[in-house]
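Report on the structure given below.
The values are calculated or read from the model by the stated rules, or taken from the named source; none is laboratory data. Because the structure is a prediction, the values reported are computed rather than measured. We place every Cβ from the backbone using ideal geometry, glycine too, and count neighbours over all the protein chains shown. Side chains included, ligands, DNA and RNA excluded: accessible areas come from the protein's heavy atoms. Shrake-Rupley method; radii C 1.70, N 1.55, O 1.52, S 1.80 Å.
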Amino acid sequence: MTLNELQAFSAWDAMFLSVCASALIFLHLYYMHSLKKAEKQRKLAERRCEILQRDLQNDTLTGLLSREGILARLRETKGKQQMCAVLMDLDDLSLFNDAYGRKAGDEAIHAAGEKLRTLAMKHKALAARFGGNEFLLVFQRECPMHNEEIRREIEDIFHDHTHVMPTASIGMASGTCDEYDACILDAEAAMNEAKKKGKDMIVFYDEAMGQRMDELAWIRLKLQKAMQEDGFELLYQPKVNLAAGKVCGYEALLRIRDSTLSPARFIPAAEQFGWIVQIGRTAVEMAVRQIAEWKKEGRDVHKVSVNFSPGQMRDREFVPWLKNLLEQYDVDPSLITIEITESMFMTSTGTSLKLFEELRKIGVELDLDDFGSGYANFSWLGFLPASTIKLDKSIVDSWLKNGTIASIIDMGHQLSKSIIAEGVEERWQYEKLKELGCDVIQGYYFSKPLPAGDAVSLDVSALL
Ligand code: C2E
Ligand code: MG
Ligand code: MG
């Protein structure tokens, strides 16, 4: 290689090296830039997460902690130290919203939140909006249940004369910080008890409420199993027409097969779990199928009444469904009676009247059940489309002796309603009711609820 060639090569080489070096520097700079950019993005993402977390942990309407927020704070404080949970649930907020408007509802929640925050700050407690209508206050120390001042301050939040404010049902419970979730559940049980007792009050948790919670969980399992495994059956309690001196119909009463659990317990539970629509339809379907079977066996077919709970009013398709069912089993609609109660009428008059009218239109009759156990509002009797009034056992027991029942029977007759007395257990009651002109009697005096086969062949003539 000549000197010239060598010089030329070195010049190329140097240029190549310098290009490479520049590229490396450029790549390095680019890499550093990308790193910085990624770091910035990561920080931004972290910040966004923090904001999201903070938003999640705070309630935007009240500025209190949210459910997640208070639970996160409680998770942080471990140990055996005492705590007290106060759960406050606004009563009938939807009715309040209907009456005063949604804005007033929001304002009430906001005002309650403000007061709760002041109270929490004063007593170094945690306060949260725990659900739509629910607030939770937590004292991480000895339970201040018996501190009159705190109690009054809590009550005052919902008895505010400067704002229109719904009342609240309040449950209180004590426990230890490491079992905060159990303590909140206990407060919830106490709050539910306050609702049951009539709302607008404070209830302290006791062991019996815990047992009731366990019982509810047990009923839930029983119901779930019965729904999945065709585990319901109907018993039929005869109704005796006094003028004709014979059985004129049956009330179908639901049971869980092989279980002594009373429907008085599992029907309200089914309502609470939101299963009553399905279970209610099951009962109606079994009754219609039974009538079809009796018909097929060539029996004298009587009317069967089936109970209808307030929660079943959510079953918007009930009437067309029932019409279809009756057609499918070729059962005359007049053989089915639906037993309704005054409380159904109380909660939403428009919806219930429409439903009752639709039932009547397809030829199904209505009985007003448990009359006298609740409101016993006589003024409704005139326009309630029920053809029969069933006097509740409680009024048969307490009013038969003093004659008040005579006036009720008279009034019912004046309104062209037929009168059934329920829960008649003794002969003197039967005789007295007969003398007063009661039309039909249902009760243990004639028979307890029976399996279909026994009910249909029951002879009551010896008891008349
Ligand atoms: P209800 O409709 O008022 O039914 C009458 C209840 O009184 C029945 O209790 C019946 O067994 C009981 N009874 C009848 N005669 C006497 C008597 O002489 N003495 C006493 N002590 N009790 C008597 P049951 O079967 O436990 O039903 C309780 C409630 O459960 C029913 O009250 C009804 O509200 C509800 N229920 C029962 N079956 C159904 C159903 O299929 N669907 C719905 N939605 N509710 C049902
Ligand atoms: Mg009934
Ligand atoms: Mg009844």
Condition met for Asp392 (among the charged types (D, E, K, R) and surrounded by 17 or more Cβ atoms within 10 Å (Cβ to Cβ))
yes
If Ser343 passes every condition in (1) surrounded by fewer than 17 Cβ atoms within 10 Å (Cβ to Cβ); (2) over 28 Å from Ala217 (Cα atoms); (3) without any contact (Cβ under 8 Å) to a residue 60 or more places away in the chain but one, which one does it miss?
(2)
Inspect all residues belonging to the stretch 390-399 and state whether any of them is of a type in the set (Phe, Trp, Tyr), more than 16 Å from ligand 2 (Cβ to nearest atom) and in a loop (DSSP other than H, G, I, E, B).
no
Can you tell me which of (1) under 25 Å from Val301 (Cβ atoms); (2) touching a residue at least 40 places away in the same chain (Cβ under 8 Å); (3) crowded, with 20+ Cβ neighbours inside 10 Å is the one Leu450 doesn't meet?
(3)
Has the stretch 313-324 got any residue that is farther than 27 Å from Val440 by Cα, touching a Phe, Trp or Tyr at 6+ places or on another chain (Cβ under 9 Å) and open to solvent by 10 Å² or more (accessible area, probe 1.4 Å)?
yes
Determine whether Asp410 is in a helix (DSSP H, G or I), under 28 Å from Arg360 (Cα atoms) and of a type outside the set (A, V, I, L, M, F, W, C).
yes
Count - residues of the stretch 78-94 that are in contact (Cβ under 8 Å) with a residue 40 or more places away in the chain and either among the polar types (S, T, N, Q) or open to solvent by 80 Å² or more (accessible area, probe 1.4 Å) (or both)
4
Restricting to helices (runs of 4 or more DSSP H) lying wholly in the stretch 245-336: which have 2 or more residues that are of a type in the set (A, V, I, L, M, F, W, C) and within 16 Å of ligand 2 (Cβ to nearest atom)?
263-273, 276-296
Contact list please: Cβ distance under 6 Å, first residue in the stretch 415-431 and open to solvent by 30 Å² or more (accessible area, probe 1.4 Å), second residue more than 11 Å from ligand 1 (Cβ to nearest atom) and β-branched (Val, Ile, Thr), pairs at least six apart or on different chains.
Ser418/Thr388
Out of the residues in the stretch 154-183 that are at pLDDT 85 or above and among the polar types (S, T, N, Q), state the one that is farthest from Met83 (Cα to Cα).
Thr167
